[in-house]
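So the structure is just underneath, and the comments pick up after that.
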Amino acid sequence: MSLATDRDTSGFHLVGKLLEPASRIDPYPVYAEFRARGPVWVDEMSSLVVTGYRDCETLLRDPRLSAERWRFFDAGRSADPYPPDAPPSVRQPWFLSMDAPDHTRLRRLVSSAFTARTVARMESSVARLVDDLLDHAAESETFDVLSGLAYSLPMTVICRMLGVPQADERLFHGWSAQLTRLLDGFSDLGETDGATPEWVRGSVEMHRYVGELVTDRRKSPRRDDLISELLAAEDGGDVLSHDELISTIVLLLVAGHETTVNLIANGVLALLRHPGHLAALRDDPGTAPAVVEEILRYDPPVQLTARLAREDVRVGQAEAPAGSLIILLLAAAHRDPEANPDPDRFDPGRAQVRHLGFGFGSHFCLGAPLARLEGRLALSAFARRVREPGLVADPPPYREHINLRGVSELRIAHAGV
Ligand code: HEM
């Protein structure tokens with residue numbers, strides 16, 4: 001029997017449901033509805049949606065699935081969105097969306113420069129930055145945690161690690177917002193006949209800027225920045241090409257920004273709604289790592305990832321024919337009671353927290369140590385320093401994104417910082 005005729009097409013409209021205002025605020029009831037059905041084929045997206053924890057974990061290691069999901073999305077797009085004079089690196093795919101052996105080669109080279117040690121060196125400067133941001137935010141009676149703390153921190157940190165001149169950091173905020181649409185996967189990319197979409201302009205500008213930075217650093221390497229370390233990275237005589245280097249730097253800037261912003265903002269929101277856990281964190285900053293892991297499970301910044309089926313793949317009773325997309329709804333899997341008992345409860349004190357918030361397998365998030373460091377320092381400083389914080393609006397407004405879940409504002413009142 002052909003896989004295509006054996007699908008469950010019983011009227012599920014995942015994207016439509018998730019875009020409804022109530023689901024923007026709280027998508028978890030929709031996920032629960034999906035999980036109750038097991039893996040289900042969704043015609044609307046020509047995709048198999050998988051919600052069980054064990055299924056997601058298994059599929060993330062399944063060699064029949066490819067990370068080259070852009071092939072699926074590109075099939076529906078105009079041929080080449082970039083202008084002819086765009087730098088060649090804009091067409092260099094990110095290793096996030098590559099398979100072995102190309103992925104293995106690039107990841108190995110990048111990991112040799114972007115190490116846990118490189119990240120650990122940042123601890124005191126990240127802590128100082130968090131304090132400066134909170135000092136500044138506290139100048140008014142209410143402040144927006146998103147723009148005042150969560151948004152600036154990750155971009156400033158990665159720009160400083162890379163060695164981007166401080167005066168240019170603000171350029172990256174605009175570019176990152178435009179390129180984040182590429183990561184979301186379901187965002188409207190705003191393609192119009194004739195006019196160049198914003199994300200294409202942003203991407204071209206960012207690649208040009210990073211290309212100049214790399215050329216500059218090649219002429220005069222420094223001892224202590226990540227671009228110089230990436231330039232020096234070598235594995236058995238192999239090095240990153242100029243375009244691979246630019247593409248990787250853009251990936252680090254984009255993949256690490258909105259995600260960490262949402263970790264901090266989703267975290268502050270969860271703590272404000274659970275004052276007992278906020279007080280516990282204030283009394284014992286040593287619990288911050290557990291708080292971060294629980295947020296990655298309970299309200300993860302990356303809600304889903306996707307893979308392309310290289311061949312027909314059966315998951316439980318459902319099937320994905322070769323060439324279709326398999327959507328792994330990580331945020332739904334985290335609330336699978338088989339993985340985490342009482343999954344709808346926010347509880348940083350869980351004996352064991354199981355999550356796929358940084359992915360799993362060969363594409364496990366390269367920036368996880370940095371994201372954990374920033375999350376830990378930002379949330380513990382918030383708990384320690386902000387007196388009597390309270391939400392001005394609950395629920396706060398959310399962004400349109402389906403995958404990169406986060407608020408568009410998180411205004412709080414406080415009694416001092
Ligand atoms: C991969 C989540 C922060 C760089 C991933 C993946 C997830 C993820 C789920 C796997 C995607 C897949 O398998 O399809 C997150 C979250 C973050 C975060 C939730 C913040 C809370 C960062 C940071 C950086 C970063 C700070 C770097 C500065 C990367 C890279 C990959 C990746 C380079 C690709 C790894 C590979 O394909 O081998 N991230 N990330 N991420 N992340 Fe993160």
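The values are calculated or read from the model by the stated rules, or taken from the named source; none is laboratory data. What you are looking at is a predicted structure, and each value in this text was computed from that prediction instead of being measured. Note that each Cβ is placed from the backbone with ideal geometry, even for glycine, and that neighbours are counted across all protein chains shown.
Results, tabulated for the structure shown:
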{"quantity": "Residue within the range 147-156 that is away from the ligand (no atom under 16 Å from the Cβ), assigned to a helix (DSSP H, G or I) and not small (Gly, Ala, Ser) present", "calculated": "no"}
{"quantity": "Members of the range 71-88 found to be out of contact with any strand residue (DSSP E or B) (no Cβ under 8 Å at 6 or more places or on another chain) and at pLDDT below 80, listed by number", "calculated": "Phe73, Asp74, Ala75, Gly76, Arg77, Ser78, Ala79, Asp80"}
{"quantity": "Pair list, Cβ under 7 Å, 6 or more apart: the range 49-69 residue more than 16 Å from Asp312 (Cβ to Cβ) and touching a residue at least 24 places away in the same chain (Cβ under 8 Å), other residue within 11 Å of the ligand (Cβ to nearest atom) and acidic (Asp, Glu)", "calculated": "Ala67/Asp99; Glu68/Asp99"}
{"quantity": "Condition check for Pro389: in contact (Cβ under 8 Å) with a residue 60 or more places away in the chain, crowded, with 20+ Cβ neighbours inside 10 Å, farther than 23 Å from Arg24 by Cβ and in contact with a strand residue (DSSP E or B) (Cβ under 7 Å, 6 or more places away or on another chain)", "calculated": "yes"}
{"quantity": "Check on Val214, surrounded by 13 or more Cβ atoms within 10 Å (Cβ to Cβ), in contact (Cβ under 8 Å) with a residue 40 or more places away in the chain and assigned to a helix (DSSP H, G or I)", "calculated": "no"}
{"quantity": "Considering residues of the range 354-370 that are more than 6 Å from the ligand (Cβ to nearest atom) and outside any loop (DSSP other than H, G, I, E, B) only, the residue nearest to Asn266 (Cα to Cα)", "calculated": "Ala368"}
{"quantity": "Selection from the range 392-417 of residues that are within 22 Å of Ala280 (Cα to Cα) and buried (at least 21 other Cβ atoms within 10 Å of the Cβ)", "calculated": "Leu410, Ile412"}
{"quantity": "Boolean, Glu33 is in a helix (DSSP H, G or I) and of a type in the set (D, E, K, R)", "calculated": "yes"}
{"quantity": "Tally, over the range 114-144, of residues that are within 12 Å of the ligand (Cβ to nearest atom), part of a helix (DSSP H, G or I) and over 27 Å from Leu410 (Cα atoms)", "calculated": "2"}
{"quantity": "Segments classed as helices (runs of 4 or more DSSP H), wholly inside the range 259-336, with at least 3 members that are under 19 Å from the mean Cα position of the chain (by Cα) and at pLDDT 95 or above", "calculated": "288-298, 330-333"}
{"quantity": "Any pair with Cβ under 8 angstrom, 6 or more apart, that starts in the range 285-303 at a residue that is farther than 14 Å from His274 by Cα and ends at one that is part of a strand (DSSP E or B)", "calculated": "Pro301/Leu404; Val302/Leu404; Gln303/Leu404"}
{"quantity": "Hey, Arg384 part of a helix (DSSP H, G or I) and either away from the ligand (no atom under 16 Å from the Cβ) or exposed (fewer than 14 other Cβ atoms within 10 Å of the Cβ) (or both) or not", "calculated": "yes"}
